[in-house]
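Read the structure below first, then the notes.
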Amino acid sequence: MAQQKPKFEITEVRATGCVRRAAASQCLLLETLDGATTYSFIAVPKPQLDTVITIQGKAHQGRSACKQGIAIDIVDWEPTEQMCVAQQKK
């Protein structure tokens with residue numbers, strides 16, 4: 001019997017990026033500054049849209065109300081005092 005390789009899972013997340021509006025009202029998106037990754041999260045209090053923040057969290061287990069990006073559970077977030085550059089229309 002062939003042994004299955006363990007599935008790689010993200011357990012801890014630390015990222016800096018721009019806060020964007022998500023399709024689901026309670027959710028927010030964090031688009032990393034390099035544009036390579038988008039995380040979805042729910043935070044209380046909510047950070048302001050179009051600001052740059054640093055988040056710390058862990059992979060969300062199970063289903064998520066947020067239907068975009070990689071769902072994570074926020075442990076902490078901090079503003080960086082920067083504003084995001086305007087999104088380019090594609």
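Just so you know, all these numbers are worked out from the coordinates, no wet-lab data involved. Just so you know, these numbers come straight off a predicted model, no measurement behind them. Positions of Cβ are generated from backbone atoms using ideal geometry, with glycine treated the same way; all protein chains shown enter the neighbour counts.
Structure summary
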quantity: At q = 0.28 Å⁻¹, base-10 log of I(q)/I(0) for the range 8-56 (Debye sum, equal scatterers on each alpha carbon); calculated: -1.15
quantity: Contour minus Cα-Cα distance for A23 and K46 (0.36 nm per residue); calculated: 6.7 nm
quantity: Neighbourhood net charge (11 Å Cβ-Cβ; Lys/Arg +1, Asp/Glu -1) for L49; calculated: +2
